[in-house]
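Each remark here refers to the structure printed beneath this line.
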Amino acid sequence: MNAQGQLGARERYRVEDLQSFATSLLDSAGLDPEKARYVAEILVEGDLLGHSTHGLHLLAPYLAEVESGGMAATGSPLVLSDRPAAIAWDGARLPGPWLVRKGIELALPRAKQLGTCSVAIGRCHHIASLAAYLKPVTDQGMMLILASSDPTGRDVAPAGGVTGVFTPNPIAVGYPTDGDPVLIDVSASITTNGMSTRVYREGGQLPGKWLIDPTGTPTDDPATLFQTPRGALLPVGGVDYGHKGFALALLVEALTGGLAGHGRADPPEGWGASVFLQVLDPAGFGGLANFQRQMSVLSRDCRTSTPQPGVERVRMPGEAGLARRAGQRQAGVSLYPGILAALAPWAQKLRVPPPTPLP
């Protein structure tokens, strides 16, 4: 089962209507207007790209966090350090999508001047789909590296272990070519909490033995994550080559919690994130034209590689998402079943009319 990419014959909605609906809910819940708009745009962008567990699926829990005070509705990050190409913020539990976009907005002009600029953000709330931030940067001929971890989460076991220590620790990279950009969004674990939870609630099994139970047995049953003692997600590589995912997770932890100065050594504060973002300007290195030439040839060579049996052709990371995005912007966004139903009580409570599906 690959629920994340399923679209099917469902009701579709205009992008602008979904953004307006999400913005109005967040605004009515108490978020500042810009924060509400930024969060809504990132969530809808996640659905456009097909990351349905990290799109509007997150809006209901975000609203609950605003209501409980787990997500700060107003305010600004605290500047801990500000050098020309290196900035650190205390995110003050503010909305993750807003903080990340403000960090990118700060880093872009500095990177154009200096060649690169990095921002580390601690005490940030959840940042949704990392892929959703990439295209606006690559559209400017720039490269973005983005990584995230949650200091309170202990869901993924290290290689050789059965006890969860870290979160899926995603890392994303977007870079321009002479055609479509390459958009990479991967995790240090084989699967994510969102996907495992969705499959569990739907009574299904994962496509492979991507989890490990408390006895050390690999399993495809997501129920192991909801039992006591609980199992854990396996790192990329599984039981045989999990040292690869383990190493990637440690890199992300160093970039995020380490550089932000807030992570697993601190008392847990609830659902959130430590974040690292770096903007690079190819013009400050070997030149944009040379960068695009090199990466475009690489993309061509990958696409023309002889496909394996049963594989139609080799695709580059982000290729399917960009095609899905273009199609849904034209034909309307097809939301995963249950997303609007979960938002219906919030729409009623905050007196925000739900979006109308397209004919």
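The values are calculated or read from the model by the stated rules, or taken from the named source; none is laboratory data. Values in this document were obtained by computation on a predicted structure and should not be read as measured data. Neighbour counts run over all protein chains shown; Cβ positions are idealised from the backbone, glycine included.
Answer yes or no as to whether GLY327 is in contact with a Leu (Cβ under 7 Å, 6 or more places away or on another chain) and closer than 14 Å to GLU45 by Cα.
Details: in contact with a Leu (Cβ under 7 Å, 6 or more places away or on another chain): no; closer than 14 Å to GLU45 by Cα: yes.
Taking the combined requirement at face value, the residue does not satisfy it.
Cβ-Cβ contacts under 6 Å between residues 6 or more apart (or on different chains), taken from a first residue in region 329-356 that is within 24 Å of LEU49 (Cβ to Cβ) to a second residue that is of a type in the set (A, V, I, L, M) and part of a loop (DSSP other than H, G, I, E, B), are listed as GLY332/LEU358; SER334/LEU7.
Tallying residues that are in a strand (DSSP E or B) and free of Cβ contacts under 8 Å to residues at least 40 places away in the same chain within region 203-214 yields 1. Scanning region 158-208 for residues that are touching a helix residue (DSSP H, G or I) at 6+ places or on another chain (Cβ under 7 Å) and basic (Lys, Arg) turns up just one, ARG198.
Remark: pairs (first residue in region 54-75, closer than 15 Å to SER24 by Cβ and basic (Lys, Arg); second residue at pLDDT 95 or above and not in a helix (DSSP H, G or I); Cβ separation under 7 Å; 6+ apart in sequence or on different chains) are absent.
Of the candidates ASP220, ASP240, ASP213, the single residue that is of a type in the set (Asp, Glu), over 18 Å from THR167 (Cα atoms) and surrounded by 14 or more Cβ atoms within 10 Å (Cβ to Cβ) is ASP220.
Counting only residues that are closer than 20 Å to ALA320 by Cα, give me the helices (runs of 4 or more DSSP H) lying completely in region 11-76 with at least 1 of them. Outline the logic, then answer.
Details: elements: 15-29, 33-49, 59-68.
Of the helices (runs of 4 or more DSSP H) lying wholly inside region 11-76, those with at least 1 residues that are closer than 20 Å to ALA320 by Cα span 15-29, 33-49.
Read through the list (1) outside any loop (DSSP other than H, G, I, E, B); (2) crowded, with 24+ Cβ neighbours inside 10 Å, then give the number of the only condition that LEU94 fails. For LEU94, the failing item is (1).
Within region 324-341, being surrounded by 14 or more Cβ atoms within 10 Å (Cβ to Cβ) and outside any loop (DSSP other than H, G, I, E, B) holds for ARG324, ARG325, GLY327, GLN328, VAL333, SER334, ILE339, LEU340.
Listed here are the residues, each with its yes/no results for (1) at pLDDT 95 or above; (2) in a helix (DSSP H, G or I); (3) within 29 Å of ASP178 (Cα to Cα).
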residue	(1), (2), (3)
HIS262	yes, no, no
ARG293	yes, yes, yes
GLY321	yes, yes, yes
ALA347	yes, yes, no
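Residue under question is ARG10, and the condition is that it be at negative phi, touching a Pro at 6+ places or on another chain (Cβ under 9 Å) and modelled with pLDDT under 95; does it hold? In short, yes. Restricting attention to region 342-351, and to residues there that are of a type in the set (A, V, I, L, M, F, W, C) and more than 12 Å from LEU18 (Cβ to Cβ), which single residue is surrounded by the fewest Cβ atoms within 10 Å (Cβ to Cβ)? Per the criteria, the residue is ALA344.
Of all residues in region 22-44, count the ones that are buried (at least 24 other Cβ atoms within 10 Å of the Cβ) and not small (Gly, Ala, Ser).
Within region 22-44, residues that are buried (at least 24 other Cβ atoms within 10 Å of the Cβ) and not small (Gly, Ala, Ser) number 8.
Checked against the criterion of being out of contact with any helix residue (DSSP H, G or I) (no Cβ under 6 Å at 6 or more places or on another chain), in a helix (DSSP H, G or I) and either in contact (Cβ under 8 Å) with a residue 60 or more places away in the chain or more than 30 Å from ARG201 (Cβ to Cβ) (or both), region 266-280 contains not a single residue that satisfies it.
VAL165 passes every criterion in (1) on the phi < 0 side of the Ramachandran plot; (2) within 17 Å of the chain's Cα centre (by Cα) apart from (2). Taken over region 215-243, the criterion of being aliphatic (A, V, I, L, M) and in a loop (DSSP other than H, G, I, E, B) is satisfied by LEU234, VAL236. Residues in region 234-249 that are within 20 Å of the chain's Cα centre (by Cα) and in contact (Cβ under 8 Å) with a residue 40 or more places away in the chain: LEU234, PRO235, VAL236, GLY245, PHE246, LEU248, ALA249. Filtered by the rule that a residue be of a type in the set (S, T, N, Q) and either within 22 Å of SER129 (Cβ to Cβ) or touching a Ser or Thr at 6+ places or on another chain (Cβ under 6 Å) (or both), region 269-312 gives SER274, GLN278, GLN292, SER296, SER299.
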